[in-house]
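First up is the structure itself, then whatever we jot down about it.
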Amino acid sequence: MSEREIAISVKDIHKNFILPQHKNTSLKQAAVNIVRKNNVTTQKVLDGVSFDVYKGEFFGIVGRNGSGKSTLLKLIAGVYTPASGSIEMNGGLTPFIELGVGFNQELSGRDNVFLNGALLGYTRKQMEAMYDEIVEFAEIEEHMDKKLKNYSSGMQVRLAFSIAIKAKNDILIFDEVLAVGDEAFQKKCMAVFREYRKNKQTVILVTHSMENVTTLCSRALMLEDGKIVATGDVRKVAAAYQKSNLPLDSTTDEKMSKNAKQKMINISGNNKAYKMGETMKITMGWPSSEKVAWAGVAISGVNGEYVFGTNTGVVKIKGNSISYDVDLNLGPGDYYLTAAIKDLDDNLIESYEKIATFSVYSDYDPRIGGLTRMKYKYATSEKS
Amino acid sequence: MRYLHSRNRAILSEMVRTDFKVRYQGSVLGYLWAILKPLFIFAVLYILFVYIAPIGKDIPHFGISLLLGIVLWNFFSETTMIGATSIVAHGDLIRKISIPRYLVVVASSVSAMINLSLSMVVVIIFAFLNGVYPSVSWLLIPIVIFEFYIFSLGLAFGLSALYVKFRDITYIWEVFLQAGFYASMVLIPMQAVPEKYRDWFFINPVVQILQDARALLIPTADNITIWNTVESLTIRLAPFILITLICVFGFYYFKSRSKYFAEEV
């Protein structure tokens with residue numbers, strides 16, 4: 001392996017947050033707590049994290065919510081101080097924990113450009129030189145003298161991002177910035193990131209999107225409960241991340257079944273997590289007192305996209321339950337079930353959205369993406 | 001190092017600019033209020049002390065002395081009060097970017113300093129109208145103001161770091177300021193204090209500063225300052241020792257707490 005220069009070296013970082021039972025933000029509380037020896041709980045957010053990022057690397061950090069990603073990023077950015085361990089930095093760093101830091105709603109777009117620029121390390125002179133380019137990239141020339149509070153959220157994000165990409169520093173760190181903005185904006189972001197990758201800019205990116213990790217990053221690590229559980233090859237890390245997402249969040253699961261109990265329709269599957277392509281058995285039941293003649297069930301994605309639905313149609317059904325077998329030709333992820341019943345006169349008796357949830361998993365395959373798994377093949381040819 | 005320096009200066013100047021623009025937004029008279037506010041307070045008190053309860057009737061240029069006192073006191077209460085809340089008010093910044101924390105407090109004090117400079121122009125105009133003419137002693141006024149600035153800043157640092165943990169601080173400080181306004185002889189001329197008690201008043205740094213500033217602005221014979229009143233060396237040094245202690249403690253406490261601001265704010 002060739003000798004590569006290290007950009008950031010993180011060594012055995014520990015970070016705890018102290019969570020008092022009652023946050024003592026008043027003197028009275030503080031006095032009470034001294035006497036009572038307030039039983040504080042410390043939460044280990046990061047527990048012995050070590051890794052190196054080399055110069056010219058596009059480094060990804062993934063992990064579920066609460067795994068310590070953002071804390072790690074804030075430690076690297078110098079916002080937090082580690083409880084123990086060290087972070088060595090070789091070169092200047094510009095952190096984008098969030099786009100548009102310091103944006104003031106009462107100021108004009110123009111003033112905000114200079115304010116945000118200063119916070120990112122630019123003098124007024126440098127900002128004046130870049131100003132026109134920033135405004136042009138954001139495509140909001142005619143709004144620059146308006147107050148920021150009169151901007152749409154999309155315009156604000158565009159402005160913030162346009163300032164951000166002007167930042168030139170040895171190391172850039174981004175936290176979930178790709179998750180904001182509309183599709184057109186996200187495309188623009190991706191183009192900028194690809195450019196970074198091409199130019200061997202050192203970047204650390206925190207993201208939930210495995211697609212971004214596999215297409216952009218050269219290496220990645222995955223955090224779970226403050227520890228590194230996978231590191232190195234992006235595919236390996238992406239696969240580990242998808243596996244960790246399998247068991248549904250137990251709290252929402254409990255809530256779901258509790259909700260379902262109180263409802264007229266009850267629904268249950270044979271499983272909570274299914275392998276891609278597996279058959280899911282759904283059983284839907286309702287009180288015998290209801291004259292149900294029609295039943296329908298639908299599957300939707302976590303963002304509300306309607307994936308699949310079926311109903312009994314004009315055939316009048318009898319009984320107080322129905323069961324379906326559905327082949328899950330679905331991409332990995334979490335899904336919701338929606339259920340509805342109608343009476344003899346085709347009037348809706350009851351319907352529930354998101355009455356239950358399930359998830360689909362698969363071995364990670366970077367060649368395939370999307371909500372559904374369609375049959376496909378491809379052929380290459382050379383046109384003369 | 002040079003990079004850091006220019007970077008911090010840029011942040012400071014943008015924060016002060018923002019503060020100034022935002023503060024007077026939506027008001028018709030805008031920046032003028034920075035001057036009008038102390039003028040109105042002055043007008044009320046002047047009428048009170050010259051016509052209704054005439055304590056200051058026999059003191060030469062009492063009005064100017066009163067106006068200077070109000071302007072300086074305003075600066076003190078603004079620097080300490082806005083400074084105290086500055087870290088929490090900029091929590092958004094503190095949590096997301098690692099700019100030096102002291103910049104936030106300094107920025108709020110610079111705004112107050114600009115207000116003071118504007119007000120001082122008004123004081124000088126009134127001084128002229130009142131028959132007080134420039135003298136060499138005026139050259140020393142900036143030194144006294146500098147002393148006052150350092151004192152206020154030291155307090156602001158300590159208070160702002162305390163305020164992150166204890167939100168009661170601003171209420172307590174408000175009461176302090178209310179009491180301090182009277183104890184610091186902003187209104188009541190020093191002449192009204194019996195001679196045997198005057199020493200005790202001068203332990204308060206604000207009294208020393210206000211009386212010195214007044215004596216420098218209006219250099220007449222009957223000024224009462226720490227220098228011509230207090231004989232004990234200990235009491236003469238007391239306000240300066242107090243300022244040093246408060247500043248050292250304030251800066252040190254701020255510095256030791258500042259690395260936790262991002263988590264606690």
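The values are calculated or read from the model by the stated rules, or taken from the named source; none is laboratory data. These figures come from a predicted structure and were not determined experimentally. Every residue, glycine among them, receives a Cβ derived from its backbone with ideal geometry; neighbour counts consider all protein chains shown.
Values computed for the structure shown
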quantity: Qualifying positions in the stretch A:121-133 - more than 7 Å from every other protein chain (Cβ to nearest Cβ) and either touching a helix residue (DSSP H, G or I) at 6+ places or on another chain (Cβ under 7 Å) or of a type in the set (S, T, N, Q) (or both); calculated: A:Q126, A:M127, A:Y131
quantity: Residue match in the stretch B:93-107 (condition: closer than 27 Å to B:I224 by Cα and away from chain A (no Cβ under 14 Å)); calculated: no
quantity: Odd one out for A:Q43, checked against (1) in contact with a Phe, Trp or Tyr (Cβ under 8 Å, 6 or more places away or on another chain); (2) at pLDDT 90 or above; (3) surrounded by fewer than 22 Cβ atoms within 10 Å (Cβ to Cβ); calculated: (2)
quantity: Flag for B:I188 being without any contact (Cβ under 8 Å) to a residue 40 or more places away in the chain and outside any helix (DSSP H, G or I); calculated: no
quantity: Which listed residue is more than 14 Å from chain A (Cβ to nearest Cβ) and under 17 Å from B:G154 (Cα atoms), from B:I64, B:I55, B:I82, B:I70; calculated: B:I82
quantity: Elements of type strands (runs of 3 or more DSSP E) in the stretch A:259-360, at least 3 residues being farther than 24 Å from A:A239 by Cβ; calculated: A:266-269, A:279-285, A:294-301, A:306-311, A:321-327, A:333-342
quantity: B:V22 vs. criteria part of a helix (DSSP H, G or I), over 19 Å from B:V164 (Cα atoms), over 20 Å from the mean Cα position of the chain (by Cα) and away from every other protein chain (no Cβ under 11 Å); calculated: no
quantity: Only one of A:K354, A:K383, A:K375, A:K318 that is under 25 Å from A:Q242 (Cα atoms), of a type outside the set (S, T, N, Q), out of contact with any Lys or Arg (no Cβ under 7 Å at 6 or more places or on another chain) and without any contact (Cβ under 8 Å) to a residue 40 or more places away in the chain; calculated: A:K375
quantity: Filter result for B:R7 (touching a residue at least 12 places away in the same chain (Cβ under 8 Å), assigned to a helix (DSSP H, G or I) and within 14 Å of chain A (Cβ to nearest Cβ)); calculated: no
quantity: Qualifying positions in the stretch A:120-133 - of a type in the set (A, V, I, L, M, F, W, C) and at pLDDT below 90; calculated: A:L120
quantity: Strands (runs of 3 or more DSSP E) (entirely within the stretch A:167-239) containing at least 1 residues that are charged (D, E, K, R) and buried (at least 16 other Cβ atoms within 10 Å of the Cβ); calculated: A:171-175, A:219-224
quantity: Some residue of the stretch B:36-57 being farther than 28 Å from A:K147 by Cβ, among the small types (G, A, S), surrounded by fewer than 16 Cβ atoms within 10 Å (Cβ to Cβ) and out of contact with any helix residue (DSSP H, G or I) (no Cβ under 6 Å at 6 or more places or on another chain); calculated: yes
quantity: Top-ranked residue in the stretch B:175-184 [being within 14 Å of the chain's Cα centre (by Cα) and closer than 18 Å to B:A213 by Cβ; ranked as nearest to the other protein chains (Cβ to nearest Cβ)]; calculated: B:G180
quantity: Test for B:Y31: is it of a type in the set (F, W, Y) and over 24 Å from A:F103 (Cβ atoms); calculated: no
quantity: Selection from the stretch A:325-357 of residues that are of a type in the set (F, W, Y) and at pLDDT below 85; calculated: A:Y352
quantity: Residue match in the stretch A:159-172 (condition: in contact with a helix residue (DSSP H, G or I) (Cβ under 6 Å, 6 or more places away or on another chain), away from chain B (no Cβ under 14 Å) and closer than 24 Å to B:Q25 by Cβ); calculated: yes
quantity: All positions within the stretch B:100-121 that are polar (S, T, N, Q) and more than 12 Å from B:F157 (Cβ to Cβ); calculated: B:S111, B:N115, B:S117, B:S119
quantity: Selected residue (criterion: farthest from B:M113 (Cα to Cα)) from residues of the stretch B:25-57 that are in contact (Cβ under 8 Å) with a residue 60 or more places away in the chain and not in a helix (DSSP H, G or I); calculated: B:I55
quantity: From the options B:I172, B:I143, residue that is farther than 26 Å from B:Y46 by Cα, within 14 Å of another protein chain (Cβ to nearest Cβ) and without any contact (Cβ under 8 Å) to a residue 24 or more places away in the chain; calculated: B:I172
quantity: Unique residue being within 11 Å of chain B (Cβ to nearest Cβ), touching a residue at least 24 places away in the same chain (Cβ under 8 Å) and under 22 Å from the mean Cα position of the chain (by Cα) when the list is A:L107, A:L73, A:L93; calculated: A:L73
quantity: Those residues of the stretch B:217-265 which are in a loop (DSSP other than H, G, I, E, B) and within 14 Å of another protein chain (Cβ to nearest Cβ), in sequence order; calculated: B:K259, B:Y260, B:V265
quantity: Filtered residues of the stretch A:321-334 (kept if free of Cβ contacts under 8 Å to residues at least 40 places away in the same chain and in contact with a Gly (Cβ under 6 Å, 6 or more places away or on another chain)); calculated: A:S321
quantity: Residue count for the stretch B:122-140, restricted to those that are outside any loop (DSSP other than H, G, I, E, B) and either free of Cβ contacts under 8 Å to residues at least 40 places away in the same chain or among the basic types (K, R) (or both); calculated: 6
quantity: Those residues of the stretch A:76-90 which are at negative phi and at the interface with another protein chain (Cβ under 9 Å from one of its Cβ atoms), in sequence order; calculated: A:A77, A:V79, A:Y80, A:T81
quantity: Test for B:S111: is it loosely packed, with under 15 Cβ neighbours inside 10 Å, touching a helix residue (DSSP H, G or I) at 6+ places or on another chain (Cβ under 6 Å) and in a helix (DSSP H, G or I); calculated: no
